[in-house]
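Here, each number is a calculation from the coordinates, and none is a lab measurement. Owing to the predicted nature of the structure, the values given are computational and were not obtained by experimental measurement. Methodologically, a virtual Cβ is constructed for each residue, glycine included, from the backbone with ideal geometry; neighbour enumeration extends over all protein chains shown.
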Amino acid sequence: METKKHCFDFRQYRTQQELPEQERLLIGKAAEACGSAYAPYSGFRVGAAALLDDGEILCASNQESEVFPSGMCAERSLLYYVQANRPGRTIRTMAIASAPSPREFTPCGACRQVIADAEKRQQAPIRIVMSGAGRAIVIEEAKLLLPFTFELE
């Protein structure tokens, strides 16, 4: 038996004003996307924004369904949209926001896997900015969110 340890660095910002301007802009876009969320059951609206390699910003929000769990999280909605409509493009940074936002918003397990899949597919890291309550947490690559991802190979 061998004991191993997994550690990683992240940045935690006490205020979003401490973030670089581009990341504040992305958080703003993610927060705006919360307004298009359809969340009549949970009342929890989530928005996500992605900065692509050419500077384009795309946004999505969570969509709930009466046929739970057929809804879709904002992060997966966004990633699937990018893959379907901007194939071959690279996501540089992804920001996530929620309303209400009692703390920094972190993705669910399914979204962590799909973000890691997108990062693997594009063969480039995706910087993740998780915002809420006026604060933010930033990680440099999505695979840090889920160190033991599911892989077919």
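For the range 70-124, how many residues are surrounded by fewer than 17 Cβ atoms within 10 Å (Cβ to Cβ) and among the basic types (K, R)?
Qualifying residue count for the region: 5.
Output yes when any residue across the range 76-83 is out of contact with any strand residue (DSSP E or B) (no Cβ under 8 Å at 6 or more places or on another chain), in a loop (DSSP other than H, G, I, E, B) and free of Cβ contacts under 8 Å to residues at least 40 places away in the same chain, and no when none is.
no
Considering only the range 45-64, how many residues are buried (at least 24 other Cβ atoms within 10 Å of the Cβ) and assigned to a loop (DSSP other than H, G, I, E, B)?
Within the range 45-64, residues that are buried (at least 24 other Cβ atoms within 10 Å of the Cβ) and assigned to a loop (DSSP other than H, G, I, E, B) number 1.
Give the residues of the range 23-34 that are in contact (Cβ under 8 Å) with a residue 60 or more places away in the chain and of a type in the set (G, A, S), sorted by residue number.
Across the range 23-34, the qualifying residues are A30, A31, A33.
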